[in-house]
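Taking it in order: structure first as structure tokens, then the write-up.
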Amino acid sequence: MTDQGNNNHNISCNPFAALFSSVADAKQFASSQKPQQPSAQPPSEDSGESQSESENSVSDSVDENDDSVAEISRSFRSRQELCEQLNVNHMIQRIFLITLDNSDPSLRGGNGIPPRCVYLEEMAADLDGQDWLDKDNIEQALFNRLLQLEPGNHLIYMTSCSAVNLSADRDAGEKCAIPYLFGCYQRAKEELTKVPEKLHSFAVRCKNLTVSNARTVLLTPEIYINQNIHEQLLDLLLEGFRAARPEEVVEFVGEVIAALLSDQEVRTFEEVIAPVFDIFQGRIKDLDLCQPLLYYYLDVLLYFSHHKDIAKVLMEHIQPKDPANGLQYQKSLLGMVLNISCLLRTPGVVEGHGYFLNPSRSSAQETKVQEANIHQFMGQYHEKLHQILKSLLQRSGETRHLLLTWMGSCLQANAGRAKIWANQMPEIFFQMYASDAFFLNLGAVLLKLCQPFCKPRSPKLLTFNPTYCALKDVSEEERRNRNIHAKGLEKETCLIPLPPQQQVESAQSYSLLTENLIFTQLTLHLGFHRLHEQMVKMNQSLHRVQVTWQEAQRTGNPMSEQLLEQFERLMIVYLSTKAATTQPAMLQCCLNLQASTAALLVQLSMGNQGSEHVALNFPLASLHNTMLCYIPEFFAENMGDFFIFLRRFADDVLETSAESLEQILNFITVFMGNVERMKNPHLRAKLAEVLEAVMPHMEPLAPGAAQPIVFQRERVFCSYVHAPQLAEALITVFVDIEFT
């Protein structure tokens, strides 16, 4: 093969020649890249071409060809690197919407470039002519972008298209650090699905940069002027739930939190997240039950409760400075959430109240529709609260301990709500204790937590250990280790006194079921009982005012207008209270609980301490080492209160569960006439009222009024197997009343 042929062969076999349209073009490029060679010397006249000269000539020819190939390779590598650098620059521009290139947009290729970017003028000047971003300067560029006060003032067009593009302007000009970094995080994730393999690692680095910078922003918020970083984090989560796309937001925030937890030298995680709780608390106190925005905030709180580390900080955050002050619990973040209701925010002040306005001019149908609307929102609200508390109880042992400690201390600090004087002195009452709304909602949530074991014949019920109520002088360490969080129960009056010879055999530790049942009954005693009393009094007052007003109208008394205004105000309070206390799902949960409590107390009255329910049979055996001496009277009081309330204000609920009514009849039959099992004669007399409340009523009705449905109640009473013993108990209690 000739030298020329050998040269052509070497070039054609070089893989870099594929960059050219033909071998000739490749050879021409290689020739142009070679340095100019000196002109050839004429051959010697003394001698012909010797063998050595021939070999040298061939060697020189091969060297020249190798040089050509090397030049092509270097040129290709140079172009490859240039292309890669261009791709990196474009990727940075697409992810972070920043640039160092302020040239004429028409000179740029439009492919792979975002429509708008923030021009980093100072950085471009410092780099002295470099108009591209690369792997070495991206961190500095991002930091500079985050420090800009008005990035929107530095927006430039990246393409020749000058059409209005508001979304591009908004994204590139975002001045708030957290939402900007989240947008970058989203764009980096999108790049990961599109970039070639060689740029994949850099796209991952860009995504990680958004997380590390978000961490830096939260650790040093003071350097970002005119920005409330913690508010931005809360708003980001809120917007994620409002837009029904929380997954990406939760993923981003989760990575940022993991970064914060990994290094807490600058600030602890609690110091970073506590300001977010403060902002949340300040906002939620002004929200209304029927306001959709409230439920997005509850979604954010539910997210907090799902995250182990956030949940722990949240539980530490709500602990009051003065545990003995009942009102302090309502003023905590969780207390603010529990205080939302259709009840009046300030008792007695109807101005600004958003429910049941102008009741005297509203039809019964309009009032009923508004009540149904409130009940629907209450159902959603209680379900969200139930999910939040359930999640907190399941998160970790420490979080559960903190939550139960908060509840136990709260109930003890608010024990005065049940005192007789509390209803007589409202001014002092509302300065000392948490509100009716707080206790109503806390009770509704605890009722939901009780539902898994609220079945009259549930074996779980029998795991309840009443000795919990007799414990006193328990140290904090014991409370943690033995799961004892309620306080002050040893001061409560029980169904019967503790026999002198009987020793309290407390358990090594107590189940969550035991604590849950006690917390729920105590909450109902402090909350629902008071609202029931208020409704009875309001009902009586309304009747008196109405009669007086009608009389004033008839006689032309000028006081009639004032009486009408008084009637309206009282009616607003009454209708709001009735709507709050008669939410159907809450009443059904309470019915289940009270029926289950009745079944449990009947089992204890028979001395059953096994794992299975036993049938009720008469005559009852004498008590020996009974657990009834540890059961607080408010268990029975709550039951009586609830069924009397249903008879007065929600009679139709009594028709929903025949089995529940049977358990109540069993309870009345066992305890009403039996002083050995229930010492308090007033409490036993109250059971006679309960019997009257659950009986089917067939009173004459006003013309046009609908006859109440009593089919289930009739069936239960007609088929009740212990009817003779019930009659005997009824006679006994009335005889006892006469002699007491």
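Here's how it looks for MET695: its modeled amide H is under 5 Å from none belonging to a residue 5 or more places away or on a different chain. Basic side chains Lys and Arg get +1 at the Cβ, acidic Asp and Glu get -1 at the Cβ, and with that the dipole of the chain about its Cα centre reaches some 4360 debye.
On the principal axes of its alpha-carbon atoms, the chain has extents of 157, 71, 48 Å, going from largest to smallest.
Placing +1 on the Cβ of every Lys and Arg and -1 on the Cβ of every Asp and Glu, with no other charges, gives segment 287-390 a dipole of roughly 140 debye about its Cα centre.
Using only the alpha-carbon atoms, how far is helix 292-306 inclined from the longest principal axis of the chain? Give it as 0 to 90 degrees, nearest 10. Relative to the chain, helix 292-306 is tipped by roughly 80 degrees.
Between their Cα atoms, which of LYS312/LYS487; LYS331/LYS487; LYS135/LYS198; LYS419/LYS679 are more than 18 Å away from each other? Distance filter (> 18 Å) returns LYS312/LYS487; LYS331/LYS487; LYS419/LYS679. Set the bar at 19 Å for Cα to Cα. Now go through LYS207/LYS308; LYS368/LYS578; LYS472/LYS686; LYS189/LYS308; LYS390/LYS472 and name every pair that lies beyond it. From LYS207/LYS308; LYS368/LYS578; LYS472/LYS686; LYS189/LYS308; LYS390/LYS472, over 19 Å: LYS207/LYS308; LYS472/LYS686; LYS189/LYS308; LYS390/LYS472. Taking a probe of 1.4 Å, how large is the accessible area per residue of segment 126-227, in Å²? With the other protein chains kept in place, segment 126-227 gives 51 Å² per residue. Figure note: HIS543, HIS200, HIS382 ranked by solvent-accessible area, largest first, 1.4 Å probe, ligands and nucleic acids not counted: HIS543, HIS200, HIS382. With a simple spin-label model that places each label point 7 Å from the Cα along the Cα-to-Cβ direction, the separation between GLN508 and ARG544 comes to 6.0 nm.
Amide H contacts for CYS117 (H built 1.01 Å from N in the peptide plane; partners 5 or more residues away or on another chain; cut-off under 5 Å): ILE156, MET158. For segment 575-583, putting each phi into the Karplus relation 6.51 cos²θ - 1.76 cosθ + 1.60 with θ = phi - 60° gives couplings of 5, 5, 5, 5, 4, 5, 9, 10, 4 Hz, in residue order, rounded to whole numbers and with x for Gly and Pro. A dipole drawn for the chain from +1 and -1 charges on Cβ atoms has a positive end, and of ASN625, PRO459, HIS90 the residue lying farthest that way is ASN625. Note on MET695: accessible area is roughly 80 Å² with a 1.4 Å probe, heavy atoms of protein only. Against the main long axis of the alpha-carbon atoms of the chain, helix 397-413 sits at an angle near 40°. Estimated at 0.36 nm per residue, the fully extended path between ILE737 and CYS161 surpasses their Cα-Cα distance by 198.0 nm. What value, in deg cm²/dmol to 500, does the helix sum -39500 (n - 2.57) over DSSP H runs of n ≥ 4 give at 222 nm once divided by the residues of the chain? Rounded to the nearest 500, it is -20000 deg cm²/dmol.
Taking Cα atoms only, the orientation of helix 177-192 departs from the longest principal axis of the chain by about 60 degrees. For segment 208-222, backbone phi angles converted through the Karplus equation (6.51, -1.76, 1.60; θ = phi - 60°) give residue-by-residue couplings of 5, 4, 5, 5, 5, 6, 5, 4, 4, 4, 6, 6, 10, x, 5 Hz, Gly and Pro being listed as x.
Identify the residues of segment 119-141 with backbone N under 17 Å of a label point that sits 7 angstrom from the Cα of SER212 along the Cα-to-Cβ direction, or state none. 134-141, by backbone N distance to the label point. What residues of segment 172-212 lie in the reach of a label at ARG283, counting those whose backbone N is under 18 Å from a point 7 Å from the Cα along Cα→Cβ? Those under the cut-off are 175-183. Per-residue Karplus couplings for segment 635-642, computed as 6.51 cos²θ - 1.76 cosθ + 1.60 with θ equal to phi - 60°, are listed in order as 4, 6, 5, 4, 4, x, 3, 5 Hz, Gly and Pro entered as x. Overall, segment 470-623 carries a charge dipole of about 280 debye about its Cα centre when +1 sits on the Cβ of Lys and Arg and -1 on the Cβ of Asp and Glu, all other atoms neutral.
For a straight C-alpha distance cut-off of 12 angstrom, the aspartates and glutamates reachable from LYS448 (same-chain residues fewer than eight places away being disregarded) are GLU383.
Over the chain, what percent of the accessible surface lies on carbon and sulfur atoms, probe 1.4 Å?
On the way: 18810 of 36230 Å².
Result for the chain: 52 percent of the exposed heavy-atom area is carbon or sulfur.
With the simple model of a label 7 Å out from the Cα in the direction of the Cβ, GLN394 to GLU231 spans 3.5 nm.
In units of the rule-of-thumb radius 2.2 N^0.38 Å, segment 454-606 shows an alpha carbon radius of gyration of 1.56.
The figure for ARG648 is an accessible area of roughly 130 square angstrom, using a 1.4 Å probe on the protein chains alone.
Distant-in-sequence amide contacts of CYS494, defined by a placed amide H-H separation under 5 Å and a gap of 5 or more residues or a different chain, comprise GLU633. Between the residues MET378, PHE438, SER560, the greatest Cα displacement towards the positive end of the dipole of the chain, with unit charges on the Cβ of Lys, Arg, Asp and Glu, is found for SER560. The Cβ shell under 15 Å around PHE717 holds other residues with a net charge of -2, Lys and Arg each +1, Asp and Glu each -1.
The values are calculated or read from the model by the stated rules, or taken from the named source; none is laboratory data. Treat the numbers as computed from the prediction; the structure is a model and nothing was measured. Methodologically, a virtual Cβ is constructed for each residue, glycine included, from the backbone with ideal geometry; neighbour enumeration extends over all protein chains shown. We work out accessible area using only protein heavy atoms, side chains counted, and drop any ligands, DNA or RNA first. Shrake-Rupley method; radii C 1.70, N 1.55, O 1.52, S 1.80 Å.
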